[in-house]
Structures are given as structure tokens and as C-alpha cells.
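The numbers here are math on the coordinates, done by the rules we state, and not lab data. The structure displayed is predicted, hence computed values, not measured ones. Don't worry about glycine lacking a Cβ; one is built from the backbone with ideal geometry, like all the others, and counts go over all protein chains shown.
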Amino acid sequence: MEAGSSTGKERIVLDWTEFGQGAREFADAIGEQYQPDLVVGIARGGVIVGAVIASALEVDFFPIKITRRMMMEVVSEEPVLVIKPYSYAAGKRVLLVDDISRTGATMNIARRALEKFEPVEIKTACYADRKGDGYEPDFYKVSVETDLVFPWDYGLQNGA
């Protein structure tokens, strides 16, 4: 656990203000321990978290997409790489970012895709790490035992 804290509430709901403050603190904590050349955010939520971190650290940002869904419909049991990483990662220190780590499957697919470009180093960061899932990113802001609802997920959670 490099940049983390722990909470055990039944369900955690972040609003934009809480997320913004937490994301800035998270970026600062990462920046004290690691200086990436490039941040790669995994769509959907990792793009938002990754863009904030990249901006705070003043480094380039690129998105990739790994999903089980197309147009909100589940089309695959396993995550599939849809938007691939860029060759710009070659020779760079890369911070790979997602919003939450559950099983590590998405992070592992993204890492393998990035490794093809031979970056100097890949570190992983998730705003939230799900305790006991068997995977722990290099950096995380919070460790949770339950659901964490981000502001961009409200419509999905509420059926809107």
C-alpha cells in the first residue's frame, strides 16, 4: 500500500467535489513517489481519474478502452481491448490508471498491451482498490470492502 487509506462503510458515494479533492490529493501522493512521463487512463472511469492525475503532474495523457460492453450491452464475459495503447509509451515511465480495481483483469490486459511498446516502467494506480480481490495496484487513494459510486456513475446506479 503506497498511497492509500481504508474505509469499511456499506456503500460509498462520491460527489464531484469529494472526487476532485481526493483526486488532487491522490495525484500529489503519487507525484511524491513516482514521476511518470505518460499517464494512460482506462476508459471509462480511468480516463477521468487519469486525466486529473496527468494534469496535476503536468505530463501527457492517453486513453485506452478495455470493456465487456459495447453501447452499454454486455457482449463478452472477459474484458476486451477496444482502443489500443499508443507507441508513444516506448521508452517512457508509464502510469496506468483506472477508477477502481476489482479483480485486476482489466489492469493486466492493459499492462500486457502497453508492454508491447517496451516502456521503461509501468506502474498502476486506481482511485479505489477493492480489498481481498487478489490484486493490488502500485498506488491507490482508498481501499474499500464495498461498492464505491463515482459521480460519473450516478446515472447508471439510479437508472437515469
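Each label was represented as a point 7 Å from its Cα along the Cα-to-Cβ direction; for N108 and Y154 these points are 3.6 nm apart.
Within straight-line reach of K92, meaning a Cα separation under 17 Å, sit the following lysines at least 8 residues removed in sequence or on another chain: K84, K116, K123. Using a ≥ b ≥ c from the Cα gyration tensor of the range 20-145 (square roots of the eigenvalues), is it rounded, prolate or oblate, where a/c under 1.5 gives rounded and otherwise the larger of a/b and b/c decides, a/b for prolate? It is oblate, given that a/c is not under 1.5 and a/b is not larger than b/c.
For the pair E10 and E115, what calculated FRET efficiency results from E = 1/(1 + (r/R0)^6), where r is the Cβ-Cβ distance and R0 = 41 Å, to the nearest 0.05? My answer for the efficiency is 0.60.
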